[in-house]
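The values are calculated or read from the model by the stated rules, or taken from the named source; none is laboratory data. The structure presented is a predicted model; accordingly, all values stated were derived computationally and were not measured. Counting neighbours? That spans all protein chains shown, and the Cβs are built from the backbone with ideal geometry, glycine included. Surface areas here come from the heavy atoms of the whole protein model, side chains and all, with no ligands, DNA or RNA. Shrake-Rupley method; radii C 1.70, N 1.55, O 1.52, S 1.80 Å.
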Amino acid sequence: MTAEVKPASLQLTERQEARRRRILHASARLAGRGGFDAVQMREVAENSSVALGTLYRYFPSKVHLLVATMQDQLQHMHETLRKRPPTEEDPAARVAQTLMRAFRALQREPHLADAMVRALTFADRSVSPEVDTVSRLTTAIILDAMGLEGPPTAEQLSAVRVIEHTWHSALITWLSGRASIAQVKIDIETVCRLIDLTAPTPSH
């Protein structure tokens, strides 16, 4: 089963979408160079050739902008994973392989990963739609990797949420230097066993 997640940008005109993409690329570049503090709204506006007022119309705050940047990164990751799906036969192993690939993609740009995760942590209720989209994208990536033949059960969705929380937590502990990549891999593989535990029992 393939889970579709529609980006919030679908309502934008082609020109607005191109402007939004320039803003997100500028945000990712600045964050990639210097992390959360390097993303200054004035600099993002200059780097993306938009007026500061226009930037604030698209993204009311730096936290909104960085959470949208994470949404954009996950969307790209989701497309890449669909082109090159996991190779493991077992659903739990496929999800673990997928999440480690996503983790390694973020590991290549630690300053950007740190900025996006900090923005998610700082996000208040006003950023809920963007945070929800990040969560839905992560869920879609996990469900795609599971390769279910029909819709997930309530138990399976619960397992997916726990896996998502663990992945997010592992990212935070790795970024803060409290966990090695090896430890992250063990934690991800351990939590992915929930997929086997929640698989529906075949009816005879």
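Who wins for biggest fluctuation among Ile141, Ile181, Ile23 in a Gaussian network model of the chain, springs between alpha carbons below 10 Å?
The residue that fluctuates most here is Ile181.
Run the numbers on segment 61-204 and let me know its relative contact order in percent, using alpha-carbon pairs under 8 Å that are six or more apart.
Contact order relative to length: 34 percent.
Taking the Cβ of His111 as the centre, find all other residues whose Cβ is under 12 Å away and add up their charges (Lys, Arg: +1; Asp, Glu: -1).
In short, +1.
Compare Ala68, Ala154, Ala140 in a GNM of the chain, Cα atoms joined below 10 Å, and give the one with the largest fluctuation.
Among Ala68, Ala154, Ala140, the largest mean-square fluctuation in the Gaussian network model of the chain belongs to Ala154.
Positive end of the charge dipole of the chain (Lys, Arg +1 and Asp, Glu -1 on Cβ, about the Cα centre): tell me which of Ala96, Thr201, Pro110 has its Cα farthest that way.
Sorting the options by dipole projection puts first Pro110.
Would you work out which of Gln73, Leu12, Leu137 lies farthest towards the positive end of the dipole of the chain? Charges go on Cβ: Lys and Arg +1, Asp and Glu -1.
Leu12
Carbon and sulfur: what percent of the chain's accessible surface (1.4 Å probe)?
Working: 5740 of 11010 Å².
Result for the chain: 52 percent of the exposed heavy-atom area is carbon or sulfur.
Could you state the number of Å between the C-alpha centres of segment 132-150 and segment 169-204?
Computed from Cα coordinates, the inter-centre distance equals 15 Å.
Please find, in a Gaussian network model of the chain (springs between Cα atoms separated by less than 10 Å), the residue of Lys185, Lys62, Lys83 whose mean-square fluctuation is greatest.
Lys83
Taking the Cα centre of the chain as origin, sum charge times position over the Cβ atoms of Lys and Arg (+1) and Asp and Glu (-1), and report the length of that vector in debye to the nearest 20.
Here the chain has a charge dipole of around 760 debye.
Ignoring ligands, DNA and RNA, what accessible area per residue does the chain give at 1.4 Å, in Å²?
Heavy-atom SASA per residue in the chain reads 54 Å².
Protein chains only, probe 1.4 Å: how do Glu155, Glu14 rank by accessible area, largest first?
From most exposed to least exposed: Glu14, Glu155.
Just to be sure I understand the model, the point goes 7 Å from the Cα along the line to the Cβ. What's the resulting Ala18 to Ser169 distance in nm?
4.6 nm
How high is the relative contact order of segment 17-93, in percent, with contacts defined as C-alpha pairs under 8 Å that are six or more residues apart? Display every interim value, and only then the final one.
Details: 41 pairs, mean separation 22.1, N = 77.
Contact order relative to length: 29 percent.
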